[in-house]
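Comments concern the structure below.
Computed from the coordinates by the stated procedures, all read-outs in this text should not be read as laboratory data. Predicted model only: the values in this text are computed from it and were never measured. Virtual Cβ from ideal backbone geometry, glycine too; neighbours counted across all protein chains shown.
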Amino acid sequence: MIAKVLVANRGEIACRILRACQEAEIETVAVCAPNDLESMFVEMADEVVVLRGDSIGETYLDHTQIIQAALDTGAHAIHPGFGFLSERADVARAVVDAGLVWVGPRAEAIEQMGDKMTARQTMRKAGVPVIPGEEVESIDEDQAMLELEEASTRVGYPLLLKASSGGGGKGMRAVTNPSEFHEAARAARREAVAAFGDGRIYIERLLSGSKHVEIQVLADSHGTTIHLGERECSVQRRHQKVFEEAPCATLTPELRDAMGDAAVAAAEAVAYEGAGTVEFLLAPSGEFFFLEMNTRIQVEHPVTELVTGVDIVREQLRIASGAPMSCGPLNLRGHAIEVRLYAEDAANNFLPAIGPLAVFQPPQGPGIRLDTGVREGDDVTPNYDPMLAKLIVWAPSRVEALQRMRRALDEFVILGTTTNIRFLRELCDVQAVIEGTTTTTTIDDTWPNGWQPSENQSIEEASLLMAAMGETLGLHRVHRTGGEVSGSTGPPSPFATLQRRYP
């Protein structure tokens, strides 16, 4: 087994990996930028190396400096987490060339699946269903635009333009008619170049009313590849997930087996080793199509852990050390839901927010898990991704899990910066969420003009923030009667527990 791991990441995923290492009695090394020196993940590690530089590019993305830190501290392996270096084939290759273990798939698998057009071609050969569309390999912009326009006629409208090296919605544009195509294609190419240094884009048919369903796979070096069931991640804003659950409420056992077999075939087609996720689009007809494969641990992996009992990060460490995975046959138990808590203004197109975490009071009770890298008193800055935490709940049934998530969000108090807690709480009461009929357009369909909090909620939050900061509570006091805030509408306020702290 690997004896010492350097975690090449920060925030909640660094904390998650460090805990898995501690439980496996593996020594740990954290790397951090100077402005992260007082962060939670730094305190959790056995050793810390402060990286030279200030920006992300000079610190967390400087793989040469990180590899040297591993060598200097005697670490045997590097775990990249997600984001940052996790899907960089050149980094995986450099780590191995330095005599270290890369906790992730081989560089060749990252390359094959990281380029979306190559991945589509590989999946076709493996017999995995792919969304109808066409790839355009031309690098010259004028030639690429000509070929894309010709391909759009063959694919048909509505369609999606997607960056070959893309992710997170960058370089993606929906086009509903030919008059919009030229401008959308040029915009997608510009965004792809800015984000990935690669302007190649391809076309897919836009399948409306579809679900985003992904399959967690594990593969070791002993020839075993398995799947751990599905996660539904349809509820998204700006093509980024905010609400995930396992299992999918509408998936039949037969469809689960078919999608699981396709995911295993996808992994085996690139001789995959480690943890990965194969993402599919599930059409209303019951047909499913390959979207992409993420060659890393996923943000939403906890829901799979809760319904399978498998510690996916620990399995990553086992596989990277050359041991066979320890998982037995697939056995789904109960239902799990995850929401992503962001420092963002949901009422203003989900723009990121900053400020001090004057109060950070998570919910407690049975079936609640919180993955976070922040604490009360920390500052939210514009330097990094605004995700504060992942709130995950488990219950024996989906109905009970959704009830538990509502209660947990009602209890969760974060003051000092704007967050999306109120939005997430209202999301739990959307009919499509209750019924399990969510699609990739659920948020836009529910709030076509954008989400807005009620006036009473805004006043209450401002009042409680002043109380939390030690100011005089001049607006009004919060009273609760029968679980409701006096004078308010909608679901119960998540700030009721502050009465006890700031009466």
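Peptides 334-342, 163-171 ranked from most to least packed by the mean count of surrounding Cβ atoms within 10 Å: 334-342, 163-171.
Listed by chain and number, the lysines whose alpha-carbon sits under 26 Å from that of K116, ignoring those within fewer than 8 places in the same chain, are K125, K162, K170, K211, K241. Computed over the chain, relative contact order equals 12 percent, with contacts defined as Cα pairs under 8 Å that lie 6+ residues apart.
Under the criterion of Cα pairs below 8 Å and six or more residues apart, the relative contact order for region 4-103 equals 30 percent. Taking every Cα-Cα distance in region 132-205 and sorting them into 5 Å bins from zero, the calculated P(r) comes out as 3, 20, 33, 28, 14, 2 percent.
As a proxy for reagent exposure, R52, R186, R200, R404 were ordered by neighbouring Cβ count within 10 angstrom, fewest first; the result is R52, R186, R404, R200.
Length gained on full extension, Q240 to N35: 71.1 nm, using 0.36 nm per residue less the C-alpha separation. When you count the other C-beta atoms within 10 angstrom of each residue and take the mean per peptide, 125-135, 313-323 line up highest first as 313-323, 125-135.
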